[in-house]
Amino acid sequence: MLRNNLLFAGMFSVLLATSACGAVTGTSNSSAQSAGSARAGVEASSGAGHNDTSARVGASQAAATAKVKAAEAATTKKAAAGKATAETSTAAAPKPVAVLPASSSERIVKTAYTTAYTWYDNTPAGSATISHPVLHKTAGGAGTYSDPITIAVGHSLATGKDVLDFPAGTRIYLPDVRRYFIVEDTCGDGSRPQAGPCHQGVNADGTNSTIWIDMWIGGQSVSASGADKCASKVTDVHTAVFNPASNYAVAPGAGVIHDGKCDAGYGDALMKK
């Protein structure tokens, strides 16, 4: 079900936008998500060996042998010329078009407005209900590539169907928290979520943002105020990597809030393992 999201930030006022993370009736799941360069080359080698004619052979035999050698030399020269032509033709032939690697689909957005929702302000409150489960039945995840954390994105009901801004199952990497996420929830309440800031995502709170994404940070292990403080800490414009490679650095610990602390503030530099 949809929920209202309380967004906090040290540098921003209390956000007026809403966020949704819950089961949407009548919606269905969908997933959106090699190779290397090709090389052409020609390598050839050739060689011919001949036994010397004995000095003892007669003049006629020597002449015949010389004639044979001359014929062999002509044949060898002709073959070499044909081979050179073939090599030139092969070298001039166009190379196969290289198949782009999977990582070419990676898209880095440096103007993503990131916010967070918790166990306390989900809908219903005190739950981890999500609208588009893919890997998890409820909001969760450790933050690794294989177990990304649930994240909510804007959506629209303008067509009469619930359409997510990014397909369910899309992976996103956020370097500021050094964790992977997966689209499994909706951000934006009411009958017209397309009119809300989560769907619009442009210039949120005057930040010049281009998109808005809302990460699940849980918070069951801390107080409501502690969860709110962590939500405030991650609220800002940050870099987000869509369809990321699997080798970005991941901070230890399961989830953004773990072991009683808010694990964020790593910055926007992209670090590889």
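Which entries in the list K137/K272; K229/K272; K110/K233; K137/K273 go over 24 Å, if you measure between the two C-alpha atoms of each?
K137/K272; K229/K272; K137/K273
Residue by residue through region 204-209, which ³J(HN,Hα) values in whole Hz follow from phi under the Karplus form 6.51 cos²θ - 1.76 cosθ + 1.60 (θ = phi - 60°), with glycine and proline marked x?
Karplus values, whole Hz, x for Gly and Pro: 4, 6, x, 9, 6, 6.
Report the semi-axes of the equivalent ellipsoid for region 215-273 in whole Å, largest first, where each axis is √(5λ) for an eigenvalue λ of the Cα gyration tensor.
23, 13, 9
Over the Cα atoms of region 156-273, compute the convex hull volume and normalise it per residue, giving Å³. Walk me through the numbers on the way to the answer.
Details: hull volume 13.8 nm³, N = 118.
Hull volume over Cα atoms, normalised by residue count, gives 117 Å³.
How would you rank 257-268, 186-197, 202-213, highest first, on the average number of other Cβ atoms within 10 Å across their residues? Before the final figure, lay out each step's value.
Working: 257-268: 16.2, 186-197: 20.6, 202-213: 18.4.
Top of the packing list down: 186-197, 202-213, 257-268.
For region 172-251, with all protein chains present and a 1.4 Å probe, just round the carbon and sulfur fraction of the accessible area to a whole percent.
In region 172-251, the share of accessible area belonging to carbon and sulfur is 47 percent.
Give me the percent relative contact order of region 103-257, please, defined on Cα pairs under 8 angstrom at least 6 residues apart.
After rounding, I find 37 percent.
What list of ³J(HN,Hα) values in whole Hz, one per residue of region 227-235 in order, does the Karplus curve 6.51 cos²θ - 1.76 cosθ + 1.60 (θ = phi - 60°) give from phi, with Gly and Pro shown as x?
5, 5, 5, 5, 4, 5, 5, 8, 7
The values are calculated or read from the model by the stated rules, or taken from the named source; none is laboratory data. The structure presented is a predicted model; accordingly, all values stated were derived computationally and were not measured. Don't worry about glycine lacking a Cβ; one is built from the backbone with ideal geometry, like all the others, and counts go over all protein chains shown. For accessibility, only protein heavy atoms count, side chains too; no ligands or nucleic acids. Shrake-Rupley method; radii C 1.70, N 1.55, O 1.52, S 1.80 Å.
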